[in-house]
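Just below is one structure, and these are the notes that go with it.
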Amino acid sequence: MKNRITFIRRIVQIISLVLLVYGGYIFKTRLHTETGKPLFPALKAPEGYMSTTKFKQGSILWPSGDNPVLENYPPSLVCRFNPKGGLFKACIFHFISENLTWQTHIKYLLPHLTLFILLCFLFGRMWCGWVCPIGTVGDFITAIRKKMNIPARRFPDGFKAGLRFSSYGIMGVGFFISGLIGIPNFARFQCYWFLPYCQICPARLICPLFGFIKPGWEDFETAITSMFTILAWFIMGIFLAAFYFGRRIWCHLCPVGLINSFFNKGAGIELKKKAVRCNKCGLCADACPMGLKEMYERNSDGVYNQNNCIMCMRCVEICPKEGCLSASFFGKKITESKLK
Amino acid sequence: MRKEKTFIGEQYINFLKYLTGKKRDISPDYRREAERYRKVSGLKGMDYFYDTVASRKIETDRPVVGYFCNSVPEEIIIAAGATPLRLCNQDMHCAEAGEEIIPGDICPVIKAICGGFQQEIKPDILVISATCDGKVKLAEILSPSFPDIYFIDIPRNSDYVKNIDVWEKSYLNFYEYLKDRFNVKPGRKDLINACRITNERTKLFREIYHLRAEKTGVINSFDYFTLSSASFLLNPSDWTEHTKVLYNELLNRGTKEKEYRKKVLLSGSPIIFPNFKLLDIMEDAGCYVAADTMCSSYGHLFDPVEIDEETEGGIIRTLTLKYIAPSICPCFLGIDKLINAILENVERYGLDGVIYYNLRLCNVFEMDIPMLRSILKDRGIPFLALKTDFSREDTGQLKTRIEAFMEMLG
């Protein structure tokens, strides 16, 4: 088969999407009820949290962690706006901001963080390319663009660096607000400013659609919720345009990807180049959905895991020189480039 | 290109008359040479290719698009419903004919191409890419006699990052021009189909390339370079079809390790039928050409089109990554590709040395020599640089040098 890796990746993406979104329905394992024992201690809102805040049940800010129905089914709560969430909070950004606000004790956080770091250590930023439901939806939009015979828009390196810089800003502001409203003096702001990043994330409008429930797209009750709703719509528009025209340019901005990217260098999965076999055709740089050029530019042998690499392995797949690029897992070669 | 014939002087009119009027039949020479090499080869599958290069005639009812250099995309020409024809020529008699208008100190390939228009082959359109200076000026010289000359502008730096957008634009312009010229509307299916045809050729060529390097003596260098020269004249699909037969024959053929003393890599200027002077000497000296990096064979056939996105713009973009970015032509900035290609082949197939063939008066090829020599010396790979042209006067001298090199290899 010509595009073997992409084919496998698409299958993994679809399976992950189904598992993450409908996993709760598929594995009806009760872990937190009176009869069953939990695998991990569940992370949920502190006792009495619901009575002190003014969340309305069913509103966009309703903390899913406190709802036993929403939390009972594994494998995961991929996104807080998922209809049936579960044990593992796949979106690390949501996970951290929520617990910053709740001031959760470290001993409850630790198993979850360890699991996250272990997965990152093994697979680096593979989450973005192989699992992330937003990325899967985006790849679907890209496929539509290809069918429409519109060539991809490419962006200069400086623009991408700017996006990554903005990503740090979004992460900083998001965590700062989440931490700030966790302080008792500011707790009265929680009903509006809870999870500021999640409120503007495009997943707010996309993820509920998979569960056939109404997304919070008309929450214009107060000035602040209106602001968040309008921002969410605006960012949703940018998201669609970014994936339609610019392949994975969105992923340079995503703070979840940013957190994952810290683990890319030194991850168990490695992209290697054998420089003497390279004919400098630039296909690896041209086919990279993130538009990274390092694999092309390097002139010596080595492991080139870049921070922004989403480990889709498209470069290894498309390289027409035998054994020039290869992917390995802890030194064991998984796949290497060859002429199709 | 300019269409008004404004700058034609007396000498030029004479030249044009010479090109169009008097026809000297050079096919007996070609046939004689082809017969000679056919006897040596003993491969039945080669007959078709020797016939092709000897007759130098193409049978097609489609319009013919002639081009000179490797950086003209064949896929676009095929998709536009035309037949690509590479006009590169290394015939001594054609070079003599071209000397009537081209000054003496110009590369013999340019002269031979110019004189080659005496022959039967008359393309409908001539496409010239801005690789070397000689070919650019040749376009200007030929423009009054050829009303349809298209010039593909390519920057000298073959770095992907710097120039990909320029390449893409000039290829897109070429595509638009062919669409207008032939009044066709090719879609992306035609482009994909054209890429599939050339990719099959590439795949087969690579198999022969590896087979040649691994089984010493399985195909001699005359056969190999005739095969690549025939690909200039043949449709890619015809070439693939007939080469498949040859490939099966080669698979069943035993090695002839006793006939050859050493395996070398041949690099440098292109070798095209009938200019096999150097190959004659090398075969005599027992020197097996196990690999090569020539733009007439390796550069022309080795790189595939890998389509990333199946959109019209996307395919044309990846075409530049087949033709320009990996180009080992010394006209471009980027000798690292040539060095990589040489080192890879030497390392992979365990070759004994490198022979660099430099066509006299091609300065850029000569300027690569010092750098190659120092790099290969560092790695302990024997290196021999030869400088010659089409005439057979220096045969004895070349023979001495190659034999001395073989002695040095041990």
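The values are calculated or read from the model by the stated rules, or taken from the named source; none is laboratory data. Remember, it's a predicted structure, so these values are computed and weren't measured experimentally. For neighbour counting, all protein chains shown are included, and Cβ atoms are generated from backbone atoms with ideal geometry for every residue, glycine included. Each accessible area value is taken on the protein alone, full model and side chains, heavy atoms only, with ligands, DNA and RNA left out. Shrake-Rupley method; radii C 1.70, N 1.55, O 1.52, S 1.80 Å.
Note on the range B:55-77: residues that are within 13 Å of residue B:231 (Cα to Cα), part of a helix (DSSP H, G or I) and at pLDDT below 85 amount to 0. With respect to residue A:328, determine if the residue is surrounded by fewer than 22 Cβ atoms within 10 Å (Cβ to Cβ), among the polar types (S, T, N, Q) and not in a loop (DSSP other than H, G, I, E, B). So residue A:328 passes the test.
Summed over the range B:297-316, the residues that are within 7 Å of chain A (Cβ to nearest Cβ) and touching a residue at least 60 places away in the same chain (Cβ under 8 Å) give a count of 6. Among the numbered conditions (1) open to solvent by 10 Å² or more (accessible area, probe 1.4 Å); (2) within 10 Å of chain A (Cβ to nearest Cβ); (3) in contact with a Leu (Cβ under 9 Å, 6 or more places away or on another chain), the only one that residue B:352 does not meet is (2). In the range A:159-184, the qualifying residues are those that are of a type in the set (Val, Ile, Thr) and surrounded by 12 or more Cβ atoms within 10 Å (Cβ to Cβ), and the one that is farthest from residue A:246 (Cα to Cα) is A:181. For the range B:380-395, the criterion of being assigned to a loop (DSSP other than H, G, I, E, B) and either within 14 Å of chain A (Cβ to nearest Cβ) or among the hydroxyl-bearing types (Ser, Thr, Tyr) (or both) is met by at least one residue.
Hey, does the range B:311-325 have a residue that's touching a Ser or Thr at 6+ places or on another chain (Cβ under 7 Å), assigned to a helix (DSSP H, G or I) and within 30 Å of residue A:150 (Cβ to Cβ)?
If we filter the range B:311-325 for residues that are touching a Ser or Thr at 6+ places or on another chain (Cβ under 7 Å), which is where we start, we get B:323-325.
Subset that is assigned to a helix (DSSP H, G or I): B:323.
Narrowing further to those that are within 30 Å of residue A:150 (Cβ to Cβ): B:323.
Yes, the range B:311-325 has at least one match.
So is residue B:189 within 22 Å of the chain's Cα centre (by Cα), of a type in the set (D, E, K, R) and in a helix (DSSP H, G or I) or not? In short, no. Within the range A:241-277, the residues that satisfy the criterion of being surrounded by fewer than 24 Cβ atoms within 10 Å (Cβ to Cβ), over 20 Å from residue A:139 (Cβ atoms) and within 14 Å of chain B (Cβ to nearest Cβ) are A:274, A:275, A:276, A:277.
For residue B:347, the requirement of being facing chain A (nearest Cβ under 9 Å), surrounded by fewer than 23 Cβ atoms within 10 Å (Cβ to Cβ) and assigned to a loop (DSSP other than H, G, I, E, B) is not met. Any residue that is buried (at least 18 other Cβ atoms within 10 Å of the Cβ), charged (D, E, K, R) and part of a helix (DSSP H, G or I) - is there at least one of those in the range A:189-212? Yes: one or more hits.
Within the range B:362-374, does at least one residue satisfy the condition of being more than 14 Å from chain A (Cβ to nearest Cβ), over 30 Å from residue A:146 (Cβ atoms), among the hydroxyl-bearing types (Ser, Thr, Tyr) and in contact (Cβ under 8 Å) with a residue 60 or more places away in the chain? Scanning the range B:362-374 turns up no residue that is more than 14 Å from chain A (Cβ to nearest Cβ), over 30 Å from residue A:146 (Cβ atoms), among the hydroxyl-bearing types (Ser, Thr, Tyr) and in contact (Cβ under 8 Å) with a residue 60 or more places away in the chain.
Of all residues in the range B:266-310, count the ones that are farther than 19 Å from residue B:78 by Cβ, acidic (Asp, Glu) and not in a strand (DSSP E or B). Total meeting the criteria: 5. Under the condition of being within 14 Å of chain A (Cβ to nearest Cβ) and either more than 23 Å from the chain's Cα centre (by Cα) or crowded, with 19+ Cβ neighbours inside 10 Å (or both), the residues counted in the range B:138-181 number 14. Has the range A:331-338 got any residue that is over 22 Å from residue A:12 (Cα atoms) and within 14 Å of chain B (Cβ to nearest Cβ)? There is at least one residue in the range A:331-338 that is over 22 Å from residue A:12 (Cα atoms) and within 14 Å of chain B (Cβ to nearest Cβ).
Evaluate the range A:267-286: report whether one residue or more is in contact (Cβ under 8 Å) with a residue 40 or more places away in the chain, outside any helix (DSSP H, G or I) and at positive phi. No, the range A:267-286 contains no residue that is in contact (Cβ under 8 Å) with a residue 40 or more places away in the chain, outside any helix (DSSP H, G or I) and at positive phi.
Looking only at the range B:88-99, decide whether some residue is in a helix (DSSP H, G or I), open to solvent by 40 Å² or more (accessible area, probe 1.4 Å) and charged (D, E, K, R). Yes, the range B:88-99 has at least one match.
Pairs meeting the criteria (first residue in the range B:252-264 and among the β-branched types (Val, Ile, Thr), second residue in a loop (DSSP other than H, G, I, E, B) and surrounded by 12 or more Cβ atoms within 10 Å (Cβ to Cβ), beta carbons under 9 Å, at least 6 apart or on different chains) are B:255/B:215; B:255/B:216; B:255/B:217; B:255/B:218; B:264/B:351; B:264/B:352; B:264/B:382.
For the range A:113-143, filtered to residues that are more than 17 Å from residue A:17 (Cα to Cα) and open to solvent by 70 Å² or more (accessible area, probe 1.4 Å), the residue that is farthest from the other protein chains (Cβ to nearest Cβ) is A:114. The one condition from (1) surrounded by fewer than 24 Cβ atoms within 10 Å (Cβ to Cβ); (2) in contact (Cβ under 8 Å) with a residue 24 or more places away in the chain; (3) part of a loop (DSSP other than H, G, I, E, B); (4) within 14 Å of chain A (Cβ to nearest Cβ) that residue B:331 does not meet is (4). In the range B:190-219, of all residues being hydroxyl-bearing (Ser, Thr, Tyr) and in contact with a strand residue (DSSP E or B) (Cβ under 9 Å, 6 or more places away or on another chain), the one that is surrounded by the fewest Cβ atoms within 10 Å (Cβ to Cβ) corresponds to B:216.
With respect to the conditions (1) farther than 12 Å from residue A:198 by Cβ; (2) open to solvent by 30 Å² or more (accessible area, probe 1.4 Å); (3) modelled with pLDDT of 50 or more; (4) under 19 Å from the mean Cα position of the chain (by Cα), residue A:90 falls short on a single one, namely (2). Among what's in the range A:288-313 and is touching a Gly at 6+ places or on another chain (Cβ under 9 Å) and at the interface with chain B (Cβ under 9 Å from one of its Cβ atoms), pick the residue that is farthest from residue B:159 (Cα to Cα). Once the filter is applied, the top-ranked residue is A:293. Screening residue A:285 against (1) open to solvent by 10 Å² or more (accessible area, probe 1.4 Å); (2) modelled with pLDDT of 90 or more; (3) under 22 Å from residue B:344 (Cβ atoms); (4) within 12 Å of chain B (Cβ to nearest Cβ) leaves a single unmet condition, (1).
Given (1) surrounded by fewer than 16 Cβ atoms within 10 Å (Cβ to Cβ); (2) under 20 Å from the mean Cα position of the chain (by Cα); (3) aliphatic (A, V, I, L, M), identify the lone condition not met by residue B:408. Only one criterion in (1) surrounded by fewer than 16 Cβ atoms within 10 Å (Cβ to Cβ); (2) under 20 Å from the mean Cα position of the chain (by Cα); (3) aliphatic (A, V, I, L, M) is unmet by residue B:408, namely (2).
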